[in-house]
Amino acid sequence: MIKNVWILFSACLLLSAVEGTARQQKEFDSDVIYDEQKLPRYTLPPLLETAEGRVITSSQEWFNIRRPQILSLFATMVYGAIPVPPSPLRVSAMTENDDPQFMGGKVTRRLIWIRFRNDQGSTDMRILVFTPNNATEPVPAIMHLSFDDNQSEKLELNESKRNHLNNGVPIGDIVDRGYAYISVYHADLVGHNEVEFNSGIHPLFYKEGQSFPEAHEWGVLSACGWTAMRALDYLETDDRIDHQSVFLMGHSKLGKATLWAAAQDQRFAGAISAQSGCGGAALWRRRSGETLEKISRFPHWLCTNSRKFINREEDLPVDQHMLLALIAPRPVYVASAIEDTWADPRGEYLSAYHASEVYRLLGKKGLAEEESPSLNEPIIESDVGYHIRPGGHSVDPYDWVQFLDFADYHLKNE
C-alpha cells in the first residue's frame, strides 16, 4: 500500500515537473514572431557605404576601408575581439593515434593533440583527421566544427551503415570524392555554455588581475571559431592536406561560429553554415524566431557589449548580411529547413541575398532573386549558395550531398 502511494506521489511530481517545463517553454515562446505579416519594418545598414557616407565602388576600397570597419564592429559589438595574450603562446602538436586501417584500409584516421602554453598556464584541444589512403597528392578537406567529442563513439564507424560515422557523417562519400574530413570538437577550449571562463583558453589571455573577459572581448562563439583557426594552423603542417582548399562547416551554434571564423580568417577556402539562425546567417532586424533577447539565455555566447542591443536590434551598426559579405570573394553556403522556424529560414536566405552585393562588386556570382527558392532546389553554381529542404533542425543526408556538390563546384572546377 505504501509502495503504491509512493509511486502515485512520484508520478504526480513528474507530471507537475513536465507541466511546469511546458508552461515555462510556452511563456518563453509567447512573444516569438513567426508570421511574416507581424515582423517589424526595418532598414539594413548599407554594405557599401561607410559610416561617414563614403560610397565604396571598388574591390580596393572594400578590402582597405569598408571590410575592416565591418570586421571591427562585429568583433567589438557582437562576438567579441580576441585579445593579445600577455605572454606569447607556445604551440605543440602530437599524434596520439594513427590508424591506417580505418574503413578496411581505405582511410587513415589520426587523433592529434594540440597544446597551448604560456606563462599563464596550458590547455589542450584535439582534432581527428581522416585522409583517403589512395591519394597521391595533398587533398582538399572539409573541416567540421563539431558537437561530438573526438574521443567518443560517435566518431567511430557505424557498423550498420559502413560508409557513415555514428554521428551520421558520410565519411565514405567524403573520401570517395577525394576529400579529407577533419573533426574539430568545439568544447575543448571553451564550455558549450561557459559562464565562468576560469579554465580552457581564456585564462591564457587574461591580463594581470583579470578573471573574466571584458565587455568587448571574446565570448563562447568567438572562442569556438578560434579553435577552428588553430586546427587550420595544424593542417598547414600536414603534407597530406591541401591547406589552401579547406571548407569550414558547422550546424546551429557551430554554424554561427563557422561564419565568424571564416569572416576573420581568409585562409579558409569557403564556409558552410547549416541552420545557423540568430547570430549566424539570419538577419537580426527581422526578429523572427530566435532573437537577441532569446539567445541571451546563453549569456556569454556573444560578447557582453551585444546585450546593449536587446530589443534594439535596429540600433546595431551591423546585420548578418554583412557577416556573410566579410567572407567574399570566397564561397559561402547557407542551408535552411522549412520546419526550423526558430532559425528563420527566410531571414537566412535574405542575408545571403543581400550579401551578394559585395560578391558582385568583387566579380563573383551572388544570389539574383530576392524570393527564396523552392524546397529541394539548391543553388550550387554560385559563390553564394543556398538550399532549403523539408524537415527540422538537423544535418540530413540531403544536406551533405549539397555541401559536397558545392565544394566540388568550387574546388574542382578551378
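One line per residue, one yes/no per condition, for (1) touching an Asp or Glu at 6+ places or on another chain (Cβ under 8 Å); (2) aliphatic (A, V, I, L, M):
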site: 290; (1), (2): yes, no
site: 293; (1), (2): no, no
site: 296; (1), (2): no, no
site: 301; (1), (2): no, no
site: 310; (1), (2): yes, yes
site: 315; (1), (2): no, no
site: 320; (1), (2): no, no
site: 324; (1), (2): no, yes
site: 327; (1), (2): no, yes
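Condition check: on the phi > 0 side of the Ramachandran plot, assigned to a helix (DSSP H, G or I) and either modelled with pLDDT of 95 or more or crowded, with 17+ Cβ neighbours inside 10 Å (or both). Does residue 77 satisfy that?
no
Any idea how many residues of the range 19-44 are of a type in the set (Ser, Thr, Tyr) and either modelled with pLDDT under 95 or more than 28 Å from the chain's Cα centre (by Cα) (or both)?
Summing the residues that are of a type in the set (Ser, Thr, Tyr) and either modelled with pLDDT under 95 or more than 28 Å from the chain's Cα centre (by Cα) (or both) in the range 19-44 gives 2.
With 348, 370 as the choices, which residue is among the acidic types (Asp, Glu) and more than 29 Å from residue 267 (Cα to Cα)?
When all the criteria are applied, what remains is 370.
Please list, ordered by residue number, the helices (runs of 4 or more DSSP H) wholly in the range 288-390 having 2 or more residues that are in contact (Cβ under 8 Å) with a residue 40 or more places away in the chain and touching a His at 6+ places or on another chain (Cβ under 7 Å).
345-361
So that you can scan it fast, the table gives a plain yes or no per residue for (1) over 30 Å from residue 65 (Cβ atoms); (2) surrounded by 24 or more Cβ atoms within 10 Å (Cβ to Cβ):
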site: 328; (1), (2): no, yes
site: 360; (1), (2): no, no
site: 365; (1), (2): no, no
site: 371; (1), (2): yes, no
site: 380; (1), (2): yes, no
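Given the criteria more than 20 Å from the chain's Cα centre (by Cα) and crowded, with 17+ Cβ neighbours inside 10 Å, does residue 190 qualify?
Criteria not met by residue 190.
Before we move on, is residue 241 more than 29 Å from residue 33 (Cα to Cα) and of a type in the set (Val, Ile, Thr)?
It is true that residue 241 is more than 29 Å from residue 33 (Cα to Cα) and of a type in the set (Val, Ile, Thr).
Please verify whether the range 243-251 includes one or more residues that are out of contact with any helix residue (DSSP H, G or I) (no Cβ under 9 Å at 6 or more places or on another chain), surrounded by fewer than 20 Cβ atoms within 10 Å (Cβ to Cβ) and either in a strand (DSSP E or B) or touching a residue at least 40 places away in the same chain (Cβ under 8 Å) (or both).
Among the residues of the range 243-251, at least one is out of contact with any helix residue (DSSP H, G or I) (no Cβ under 9 Å at 6 or more places or on another chain), surrounded by fewer than 20 Cβ atoms within 10 Å (Cβ to Cβ) and either in a strand (DSSP E or B) or touching a residue at least 40 places away in the same chain (Cβ under 8 Å) (or both), which makes the answer yes.
Taking the condition of being over 19 Å from residue 388 (Cβ atoms), among the aliphatic types (A, V, I, L, M) and under 13 Å from the mean Cα position of the chain (by Cα), how many residues in the range 266-287 meet it?
0
Quick one: would you say residue 205 is modelled with pLDDT of 95 or more, in contact with a Pro (Cβ under 7 Å, 6 or more places away or on another chain) and farther than 29 Å from residue 109 by Cβ?
Criteria met by residue 205.
Could you check how many residues of the range 119-139 are surrounded by fewer than 16 Cβ atoms within 10 Å (Cβ to Cβ) and in a strand (DSSP E or B)?
Keep residues of the range 119-139 that are surrounded by fewer than 16 Cβ atoms within 10 Å (Cβ to Cβ), which gives 119, 121-122, 124, 133-134, 136-137.
From what is left, the residues that are in a strand (DSSP E or B) are 121-122, 124.
So the count comes out to 3.
Just one of 47, 71, 89 is under 30 Å from the mean Cα position of the chain (by Cα), modelled with pLDDT of 95 or more, under 24 Å from residue 298 (Cα atoms) and not charged (D, E, K, R); which is it?
Numbers: 47 fails: under 24 Å from residue 298 (Cα atoms); 89 fails: under 24 Å from residue 298 (Cα atoms).
Being under 30 Å from the mean Cα position of the chain (by Cα), modelled with pLDDT of 95 or more, under 24 Å from residue 298 (Cα atoms) and not charged (D, E, K, R) holds for just one of 47, 71, 89, which is 71.
If the requirement is being touching a Lys or Arg at 6+ places or on another chain (Cβ under 8 Å), closer than 16 Å to residue 269 by Cα and assigned to a helix (DSSP H, G or I), which of these qualifies: 399, 408?
After applying the criteria, what remains is 408.
Would you mind stating whether residue 324 is modelled with pLDDT of 95 or more, surrounded by 20 or more Cβ atoms within 10 Å (Cβ to Cβ) and not acidic (Asp, Glu)?
Values: modelled with pLDDT of 95 or more: yes; surrounded by 20 or more Cβ atoms within 10 Å (Cβ to Cβ): yes; not acidic (Asp, Glu): yes.
Considered against the rule, which asks whether it is modelled with pLDDT of 95 or more, surrounded by 20 or more Cβ atoms within 10 Å (Cβ to Cβ) and not acidic (Asp, Glu), residue 324 comes out as yes.
Please identify the pairs in which a residue from the range 194-208 that is part of a helix (DSSP H, G or I) has its Cβ atom under 9 Å from the Cβ atom of a residue that is charged (D, E, K, R), counting only partners at least 6 apart or on another chain.
Filtered contacts from the range 194-208: 202/194; 202/217; 204/117; 204/119; 205/217.
Being out of contact with any helix residue (DSSP H, G or I) (no Cβ under 8 Å at 6 or more places or on another chain) and at negative phi narrows it down to one of 310, 295, 327, so name that one.
From the options 310, 295, 327, the qualifying one is 295.
The values are calculated or read from the model by the stated rules, or taken from the named source; none is laboratory data. Keep in mind it's a predicted model, so treat the numbers as computed, not measured. Note that we place each Cβ from the backbone using ideal geometry, even for glycine, and neighbour counts take in every protein chain shown.
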